[in-house]
Amino acid sequence: MGPLFPLLVAVVGAQPAPERMAVLPVLVAAEGLVDVDQVFAAVEAAAAWRLGLRPMTVGDYYFHGGQELARRSLACGPDAACITRELRPMDAGLGLVVLVNGELDPPLVSVLLLDARRGAVAAEWAGQISGGPDAVRDAVQLRTSAALDKQGFLQMGRVRVRTSPAQAARVMDGATEPDLGTLDTFTLPPGPHRLHVSAPDHRPKQVEVEVRAAEVTDLEVRLEPEGGLLSSPWLWVGVGVVAVGAAAAVTAVAVGQQSPVCACVVTRDQPNCVCPP
């Protein structure tokens with residue numbers, strides 16, 4: 001899978017079937033350092049927000065006899081093709097093997113991402129980790145995240161946009177519509193983006209937003225009505241009539257109220273000013 005695939009999904013809104021990734025923890029004397037559930041939790045955190053990727057769950061692992069697969073995979077050593085064959089029952093295009101060896105001091109952590117279709121290594125890392133269980137789990141998450149980045153599964157962020165009026169159109173970067181099934185949410189690569197909001201009879205507005213990986217950014221955009229009461233020519237006609245009427249009233253008072261005076265506001269529905277007899 002090419003490195004631009006997840007980005008392409010974000011840009012054009014395509015919804016292909018996500019790539020399934022098998023996860024295989026291989027734990028050697030790792031009691032007190034990490035267990036299977038914790039490995040899956042670290043991998044899930046690293047894989048979150050990545051379009052086009054579906055990691056296997058811990059339930060899938062047990063359903064496919066993961067412990068036996070881990071034992072046989074360990075016997076494969078560094079042979080990627082051999083490990084791929086062991087992962088084949090999981091029916092996945094990618095395989096992630098996480099090895100934690102507690103027999104070494106400090107313990108060894110290895111993360112191996114395999115292209116299961118080609119039986120080849122897509123990304124790998126290994127190193128000894130000091131700092132105890134928390135450091136081991138953090139290393140699994142960090143190195144899994146780096147391996148997925150290398151394979152092109154960029155970790156996205158989201159922007160939620162509330163507008164006034166509520167049904168205003170929202171477009172990101174000139175072309176990207178909200179996520180499928182939503183009116184207000186965009187899933188985007190990290191970095192700066194430009195939001196355009198528009199609605200009939202309102203002034204459009206553009207807003208700059210910085211998207212951060214694996215975070216949700218909330219925006220509220222209020223559009224100003226075009227024109228409005230103060231810019232309406234009918235208002236000023238009415239004000240003029242009132243002013244004339246007020247002046248006439250002053251004159252009438254000055255002469256001892258010799259004639260009746262009325263003031264009215266001219267509107268579209270009532271274009272004529274009619275005084276009572």
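Key figures
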read-out	value
The lone exception for A175 - which of (1) touching a residue at least 24 places away in the same chain (Cβ under 8 Å); (2) over 23 Å from R54 (Cβ atoms); (3) more than 20 Å from the chain's Cα centre (by Cα) it fails	(3)
The range 186-229, residues that are in a loop (DSSP other than H, G, I, E, B), more than 30 Å from A146 (Cβ to Cβ) and of a type outside the set (K, R)	A199, P200, D201, P204, L223, E224, E226, G227, G228
Residues within the range 170-185 that are outside any strand (DSSP E or B) and crowded, with 16+ Cβ neighbours inside 10 Å, tallied	3
Qualifying positions in the range 12-53 - surrounded by 15 or more Cβ atoms within 10 Å (Cβ to Cβ) and among the charged types (D, E, K, R)	E19, R20, D35, E44, R50
Residues of the range 102-155 classified as surrounded by 14 or more Cβ atoms within 10 Å (Cβ to Cβ), touching a Ser or Thr at 6+ places or on another chain (Cβ under 6 Å) and closer than 26 Å to T84 by Cβ, total	4
The range 16-52 - residue that is at pLDDT 95 or above, assigned to a strand (DSSP E or B) and touching a Pro at 6+ places or on another chain (Cβ under 7 Å) and, of those, nearest to P133 (Cα to Cα)	V23
Tally of residues being on the phi > 0 side of the Ramachandran plot and among the charged types (D, E, K, R) across the range 149-192	1
Residues satisfying the stated conditions in the range 78-114, i.e. within 33 Å of the chain's Cα centre (by Cα) and without any contact (Cβ under 8 Å) to a residue 24 or more places away in the chain	S110
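The values are calculated or read from the model by the stated rules, or taken from the named source; none is laboratory data. Please read all numbers here as calculations on a predicted model, not as lab measurements. When we count neighbours, we look across all protein chains shown, and the Cβ atoms used for this are built from the backbone with ideal geometry, even at glycine.
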